[in-house]
Each structure stands twice: as C-alpha cells, then as structure tokens.
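The values are calculated or read from the model by the stated rules, or taken from the named source; none is laboratory data. Every value quoted in this text rests on a predicted model; they were computed, and no experiment measured them. Glycine gets a Cβ as well: all are built from the backbone with ideal geometry, and neighbour counts include every protein chain shown.
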Amino acid sequence: MKLTEISNDINDWFDGSGPLADIVVSSRVRLARNLAGHKFLSRCSTQEKSEILEKLKNILLSLDLGDSVFYISVDKAPALNRHFLVERHLISRNHAFGKGPRGAVIARRECFTAMINEEDHLRIQVLAAGCQLSKCAAQTSNIDDMVESKTDYAFSPRYGYLTACPTNLGTGIRMSVMLHLPALKMTGQIEKFFNAARDMNLAVRGLFGEGTEAASDLYQLSNQVTLGLAESQIISTFESKIIPEIVEYEKAARSRLLAKDTDLLDDKISRAMALLQNAHLISSQEALFLLSHLRLGINMRAHMGASTPAIERLCALCETGSAGGKPRAISIATINRLFMLTLPAHLQLNYGKALDATHRDALRAEIMRSALSSNPQ
C-alpha cells in the first residue's frame, strides 16, 4: 500500500467526533511487550532484532484484527515517509529514526498500530476520537491476547510484564489523551494545569509525544505509573476523575473569556482568520496556533452557544466541495483536516516531491486561503 492513499485526508480518530471532543481530541492506549527468550533491544545483535521483527510481523499479519492492515519496513522507508508516519501518530519519533531492523503493522483506517523493535520488541496502540479510553483499552487487550496466544511474553510473577524502561513495568500500559486547551493558555492558567499534572504523577507532552513541545495548544496527557496498579484502575481514574476535572477547568476558562475577556477572544479569532485568509507564507508552527484559535471559536459556538462578532464571522465562513457543489459551514473536521494536511511531510508527500521551507510555507498558505476564503471561486 502507498502512503499517498491515506495522506490526503484525516483518519477516523482525528475527525472531531467522540465524547467530549470539543476538548478531548483523541484517546490512545498503548501496551509495551517483549518476547521471552530474547534480550532487550539495547542488548540485541542486528541478527536477533531481525529474528524478532520477522516473528512478530508474521504473527500480526496472521491475526483477524477487524480491519485490513499493511506493513511498513520502517528502517528501509524514505525519510519523508517516516516523517509522515510520525505526523500521522502511527509511529513514534524514536521508532522512525532509531537504528536496526524495525517495522510497523498499521490498520487501513489507522485506529491500530503495532510498532516492532521500537524501545520494546512490541508496542501495540489503539486510537479513537474523543474520550474513549475504555474502548481503546478493550481493543488493545484483545489484540494483545491474540498475539500472546501465538508466542510467550517476558513476564515476572513479581513485576508483571518486563519492559526495557522500568517505568513501564507491571501492566505495561500507557494511556493518553490529546487535549485542546487554548482558553487555559489565553487566561494564563496553563501552568496550573502543568503543576496539577505533575502532582498526579502524569506526563504532559507536545503534539508528537515525548521530546516535543506543545503546538497549537494541543497537549498529550499520559500516565507514568504502571507497576502495582491494575489496568482497570488506571483507566477508571483517568476517565472518571482526571479527564473530567481538566475538561471543567478548560470550560471555566472559556466561560471567563466570554464573560470578561471578549475582546481578547475576538482579537485572537479575528487575527487568525485574517492571516489564514490572506497570508502568502505561513510556517507550520504558526498555522497550528492560528487554526487552534479557529477551532476554539467553532467549539464555543457549538457547545456553549457563544456569540461574539468574531465567532459569528467565523461560523459564516463557507467552503466549496460539498454535495451538489453547495457551500457548507466550516466544521471541526475541516479545521482538523487543515491541521494534519498542512504539516511538512503531508504537504510534500501530497505534492509529490521534497520542498524547501519557503516553498512549504507558500503551499501551506495557498491551501489555507483556498479552504477558508470567504469568496470561494
């Protein structure tokens, strides 16, 4: 399968649907596993890594995963393709640019990925739109059981599943949600979120995970403790306590903007609209922040009934290309699509060749103007 078959649209888990989707963009559950009888990857020879890769690849491709899957030889893929897979959240940056034989089995609808020879021998991840950690966990557990029925995992009666990093010992489960928190940032309360996360022993990372900074007011929040806790306990705490509290903090900040800082809110949205509709060069980082402000305005109208001059102008914007050629109101799916498709690797893969930064910025601006023009041709 060619990556261009999926590169020109967004995937299901990023389409703006799902519970609490105005703030919780997506959910992900990941399991770390290692095969019994093999060394951890840091101690493996190239030959042993190849053996692990071939064994797990064959097992995964033999399973009935409820969706068609394809395999990518990550170590042999062009750099642009690896960048694309990272932007798409299908593999980690560490997996994309690591060393030695490694690969990924990916579901056609992109809700499931198995990374082989990342930090551990196997990392299984399932993604879904909105706040759906229980659903992701159930699917991940089912896939894990199918793999374990065909091979033996490294397991200790005392420590649970053995992993390359001690922080993953025990269940080996990491769950995370991608959160859109622009109002907390605008009202100067984002540091309180960071501090609260640290107090709860949670990790806050940027859009593309470990080692990345927040972009477009998007943050990944994940658990850090896996030893001594049951999977059900971790999931329950996340879904019933942690996520609802953060959602309420962001909602309160949005209400404050409406009640006391309408000029600030309208200024952010108006500037974003003006730049995206008229600029001829837009960097990736700038685009993400500008789109974040549009996303905020649309969600405040849809979920809070907010009405300000800038929000009304934003929601009056139309795009062409809907059924029958009639214009339709811009949606969260539209904004999310622009988020994804204007990332550097997406731009170049869809354009058909590598581009320097200036040409990428020009192409990105052209796509934005076309999608957000108030006078579509």
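Among the residues of segment 227-284, those that are in contact with a Lys or Arg (Cβ under 9 Å, 6 or more places away or on another chain) and part of a loop (DSSP other than H, G, I, E, B) comprise 279, 280, 281, 282, 283. Candidates 91, 52: the one that is within 30 Å of residue 337 (Cα to Cα) and either touching a strand residue (DSSP E or B) at 6+ places or on another chain (Cβ under 8 Å) or outside the structural domain of residue 9 (by TED's automatic domain parsing) (or both) is 91.
Among the residues of segment 256-272, those that are buried (at least 17 other Cβ atoms within 10 Å of the Cβ) and closer than 12 Å to residue 306 by Cβ comprise 257, 258, 265, 266, 269.
For segment 41-139, which helices (runs of 4 or more DSSP H) that fit wholly inside it have 2 or more residues that are over 23 Å from the mean Cα position of the chain (by Cα) and among the charged types (D, E, K, R)?
Working: elements: 46-62, 79-87, 93-96.
Answer list for segment 41-139: 46-62.
Given the criteria surrounded by fewer than 22 Cβ atoms within 10 Å (Cβ to Cβ) and within 22 Å of residue 239 (Cα to Cα), does residue 144 qualify?
Yes; evaluated as a whole, the condition is true for this residue.
Give 20, 80, 41, 60 a once-over and let me know the one that is in contact with a strand residue (DSSP E or B) (Cβ under 7 Å, 6 or more places away or on another chain) and not polar (S, T, N, Q). Working first, answer last.
Details: 20 fails: in contact with a strand residue (DSSP E or B) (Cβ under 7 Å, 6 or more places away or on another chain); 80 fails: in contact with a strand residue (DSSP E or B) (Cβ under 7 Å, 6 or more places away or on another chain); 41 fails: in contact with a strand residue (DSSP E or B) (Cβ under 7 Å, 6 or more places away or on another chain).
Answer to the check: 60.
Restricting attention to segment 144-202, the residues being outside any loop (DSSP other than H, G, I, E, B), out of contact with any Asp or Glu (no Cβ under 9 Å at 6 or more places or on another chain) and under 30 Å from residue 267 (Cβ atoms) number 7.
Taken across segment 351-359, residues that are assigned to a helix (DSSP H, G or I), crowded, with 21+ Cβ neighbours inside 10 Å and at pLDDT 95 or above do not occur at all.
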